[in-house]
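J.: There's a structure below that I have some questions on.
The values are calculated or read from the model by the stated rules, or taken from the named source; none is laboratory data. Model, not experiment: these values are computed from the prediction. Neighbour counts are summed over all protein chains in view; Cβ atoms, including those assigned to glycine, are modelled from backbone coordinates with ideal geometry. Keep in mind that these areas ignore ligands, DNA and RNA; they rest on the heavy atoms of the full protein, side chains included. Shrake-Rupley method; radii C 1.70, N 1.55, O 1.52, S 1.80 Å.
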Amino acid sequence: MTAVAFVRGVSSSFEQCVTARPPDPPLNPELAATQHAQYVAALERGGYQVIAVPVDDDLADSSFIEDTAVVVGTRVLITRPGHPSRRHEVETVAAALTSRFPLHRVRRPAMIDGGDVLKMGSSIFVGRSDRTNEEGILAIAAIAEPLGMSVTSVPVARVLHLKSGVSALDDGTLLWHRDACEREVFDGFEVLEVVGDDPEAANVVRLADGGILVAEHHPETAALVTGKGFTVATTDVSEFARADGGLTCLSIRVR
Ligand code: GLY
């Protein structure tokens with residue numbers, strides 16, 4: 001099966017993204033669009049067929065498309081994002097995915113942001129965060145467990161999403177920052193600790209060819225991952241980082 005990545009270009013209202021602190025200087029939609037095009041090119045070089053979902057200039061955060069859908073085996077769960085301003089993002093994404101996957105829906109009061117969902121082979125870890133609640137986690141389990149996958153609820157308190165501070169290098173190895181969650185959650189997996197003050201340094205994308213895409217502003221992560229034997233590519237996503245988003249947030253990947 002061809003590996004596919006769904007992306008959504010940058011909204012002209014990008015400067016209104018939801019952020020924990022007001023960015024100073026304000027966010028720059030043109031710079032973000034340039035970085036987004038480079039991110040797409042990096043995904044393509046890494047073996048993904050990239051499919052672009054139409055841009056919506058009214059939805060500031062919509063380039064963070066990962067939050068709108070969770071791929072579970074051959075199925076896709078269309079989420080109900082945790083922040084009310086982001087709930088309208090899902091319909092265009094569902095329309096783009098519906099011809100390829102059986103779609104499932106998350107119903108109120110459940111909330112899920114895809115950024116809270118970390119898949120490691122048949123193990124799915126889901127952050128219980130400000131954006132994803134227990135009902136949302138149960139909705140994922142209802143699809144995943146009949147397919148033989150396990151779902152583990154992970155308390156997340158110090159970062160926006162679980163994957164704001166942890167991500168997979170392969171099905172058995174992950175990058176982890178202490179602010180993401182307790183390390184013991186991942187007993188049985190190989191955990192590489194990312195040190196430093198920025199948990200997003202542990203957010204990387206697995207490319208379809210087995211390489212790892214790392215944010216250009218985290219050279220220490222690139223060195224750590226290279227030292228582990230992975231081929232590393234880098235791209236500049238600094239403007240998205242200022243909007244509280246990471247590399248994984250910018251695509252829905254199906255390998
Ligand atoms: N700006 C990304 C988010 O808060 O969802």
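J.: Is it possible to state the helix-based mean residue ellipticity at 222 nm for the chain, with each DSSP H run of 4+ residues giving -39500 (n - 2.57), the sum divided by total residues, to the nearest 500 deg cm²/dmol? What is it?
T.: Details: 5 runs with 49 residues, N = 255.
Mean residue ellipticity, 222 nm, calculated: -5500 deg cm²/dmol.
J.: Restricting to Cα pairs below 8 Å that are 6+ residues apart, what does the relative contact order work out to for the chain? Please round to a whole percent. Mind dumping the intermediate values first?
T.: Values: 567 pairs, mean separation 54.5, N = 255.
It comes to 21 percent, rounded to a whole number.
J.: How many percent of the accessible area of the chain is carbon or sulfur, using a 1.4 Å probe? Don't skip to the end; give the middle numbers.
T.: Details: 5340 of 10640 Å².
Carbon with sulfur: 50 percent of the solvent-accessible area.
J.: A follow-up question, please. Which one, I65, S129, A52, is farthest towards the positive end of the dipole of region 1-133 when Lys and Arg carry +1 and Asp and Glu -1 on their Cβ?
T.: Value computed over the given set: S129.
J.: Further question on the same structure: Which ³J(HN,Hα) values, rounded to whole Hz and listed in residue order, are derived for region 123-133 from phi using the Karplus coefficients 6.51, -1.76 and 1.60 in 6.51 cos²θ - 1.76 cosθ + 1.60 with θ = phi - 60°, glycine and proline given as x?
T.: Result, rounded to whole Hz: 9, 10, 9, 10, x, 9, 10, 5, 9, 10, 10.
J.: On average, how much accessible surface per residue is there in region 35-187, in Å², for a 1.4 Å probe, leaving out ligands, DNA and RNA? Present the calculation step by step, with values, prior to reporting the outcome.
T.: Numbers: 6180 Å² over 153 residues.
Roughly 40 Å² per residue, with all protein chains present.
J.: Hey, got the dipole for the chain? About the Cα centre, +1 on K and R Cβ, -1 on D and E Cβ, debye to the nearest 20? Can you show the working numbers first?
T.: Working: 23 positive and 35 negative charges, 174 e Å.
Roughly 840 debye, rounded to the nearest 20.
J.: While we're on this one: Considering only C-alpha atoms, what is the centroid distance from region 151-204 to region 71-117, in Å?
T.: So the two Cα centres are separated by 23 Å.
J.: Sort 125-131, 51-57, 136-142, 34-40 by packing, meaning the average of other beta carbons within 10 Å per residue, with the highest value first.
T.: Values: 125-131: 23.3, 51-57: 15.4, 136-142: 20.9, 34-40: 18.3.
Top to bottom by mean Cβ count within 10 Å: 125-131, 136-142, 34-40, 51-57.
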